[in-house]
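**Q** Okay, here's the structure, questions in a sec.
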Amino acid sequence: DPLGLNLLYATYLGGTNLDQPHSLIANENGELFIFGRTNSSNFPTRNGFDDSYNGGFDMFLTKLSFDGLRMISSTYIGGSRDDGVNGSPSYTDFTAPPKYNYGDDARGEIFLDSEGNVLIGGPTQSTNFPFTPGTYSTPNFGNQAGVIAKLSPRLDRLIWASRFGGSGYNSIYAIKVDESDNVLFAGGTSSNDLPANGAVRFPQGGITDGYIGKLSANGQSLMASSYLGTNRYDQIYLMDTDKDGNVYVTG
């Protein structure tokens, strides 16, 4: 409850293998959306976009009723390799440049737009991730690409899915929308060939740099993008906006 005195509900969510929530958000009705990754072939699905386990780790999205008593919908989303994994899922493998701190392999975020559509941002190593035709996507996949995807409020339809990154490792950690439902996203990259479009541009210069981007609400246009970093090690982990639409990041 609001005072933290009473537990209103608690539940398990997962299958027989490894399941991990990364981010969650509630809508105006108190229905809870959970975003994470799983490599359980029997993760519980219901009324969703994809009820088939695709291989490696898949991203998952699950929607629960306001009281936690009912799973409204649940879906996999991914390709044949690891999705929702930044670098390696191993707690001791830090060979991928954007995986620097403990827990960096499990970053990603969920957000809702003004119509209740569900937006997710995260990494994928699957070249056959269900990216949608006509959506903006950077040409290079690299070792790992960032994913921005929008699904319907019931999680039964993939509205669009976009790829962002360059020839190295690319991860998306934070995602928000502005007052027009354009999609803001941020993360970390080891690529020196990210697109520059319409924004203040800080040159890529370190082993890993932070970056910020903005996609149109329909996912078809990259409205702005910029590196944010130095000649040392930099990443952006969190992002928010204020009432005037200014963008704040930290990392």
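**Q** Sorted by mean Cβ packing within 10 Å, highest first, what order do the peptides 179-185, 26-32, 167-173 take?
**A** Top of the packing list down: 167-173, 179-185, 26-32.
**Q** Something else about it: Between the alpha-carbon centers of the range 78-117 and the range 1-47, tell me the distance in whole angstrom.
**A** 17 Å
**Q** Say the dipole of the chain comes from +1 at the beta carbon of Lys and Arg and -1 at that of Asp and Glu; which of Tyr9, Phe141, Ser40 then lies farthest toward its positive end?
**A** The Cα lying farthest towards the positive end belongs to Phe141.
**Q** Moving on. Enumerate by residue number the trypsin sites (Lys or Arg not before Pro) in the range 55-101 meeting two conditions: DSSP loop (anything except H, G, I, E, B), and at most 10 other Cβ atoms within 10 Å of the site's Cβ.
**A** Passing sites in the range 55-101 do not exist.
**Q** Let me ask something additional. Please compute the modelled spin-label separation between Asp178 and Ser216, points set 7 Å along Cα→Cβ, answer in nm with one decimal.
**A** Each label point lies 7 Å from its Cα, and together they span 1.4 nm.
**Q** Moving to a separate point now. How high is the FRET efficiency from Arg232 to Leu69, r the C-beta distance, R0 41 Å, rounded to 0.05?
**A** Numbers: r = 50 Å, r/R0 = 1.21.
Here the calculated transfer efficiency is 0.25.
**Q** Quick one: dipole size for the chain, taken about the Cα centre, charges +1 on Lys/Arg Cβ and -1 on Asp/Glu Cβ, in debye to the nearest 20.
**A** On the way: 16 positive and 26 negative charges, 87 e Å.
Computed about the Cα centre, the dipole is about 420 debye.
**Q** Tell me the relative contact order for the range 1-121 as a rounded percent, counting alpha carbon contacts under 8 Å between residues six or more apart. Don't jump to the answer; show the numbers that get you there.
**A** Working: 257 pairs, mean separation 25.5, N = 121.
Computed over the range 1-121, the figure is 21 percent.
**Q** Could you check what % of the DSSP bridge pairs in the chain are antiparallel, to the nearest 5?
**A** Taking every DSSP beta bridge with both residues in the chain, the antiparallel ones total about 95 percent.
**Q** What is the list of residues in the range 131-172 whose amide nitrogen lies under 19 Å from a point 7 angstrom out from the Cα of Asn192, following Cα to Cβ?
**A** Of the residues in the range 131-172, 139-144, 165-171 have backbone N under 19 Å from the label point off Asn192.
**Q** Using a simple spin-label model with points 7 Å from Cα along the Cα→Cβ vector, what separation in nm is obtained for Arg154 and Asn101?
**A** Each label point lies 7 Å from its Cα, and together they span 4.0 nm.
**Q** Tell me the relative contact order for the chain as a rounded percent, counting alpha carbon contacts under 8 Å between residues six or more apart.
**A** 13 percent
**Q** Still on this structure, please answer the following. Compare Ser114, Ser226, Ser191 in a GNM of the chain, Cα atoms joined below 10 Å, and give the one with the largest fluctuation.
**A** Sorting by GNM fluctuation, first place goes to Ser114.
**Q** Over its Cα atoms, what ratio of radius of gyration to 2.2 N^0.38 Å does the range 1-128 give?
**A** Here the answer is 1.09, to two decimals.
**Q** Taking 23 Å as the cut-off for C-alpha to C-alpha distance, list the pairs among Lys99/Lys150; Lys99/Lys243; Lys176/Lys243; Lys63/Lys214; Lys63/Lys176 that go past it.
**A** Violating the 23 Å limit, Cα to Cα: Lys99/Lys150; Lys99/Lys243; Lys63/Lys214.
We did not get these values from a lab; they are worked out from the coordinates using the rules stated. Note that the structure is predicted; figures quoted are calculated from it, not measured. Methodologically, a virtual Cβ is constructed for each residue, glycine included, from the backbone with ideal geometry; neighbour enumeration extends over all protein chains shown.
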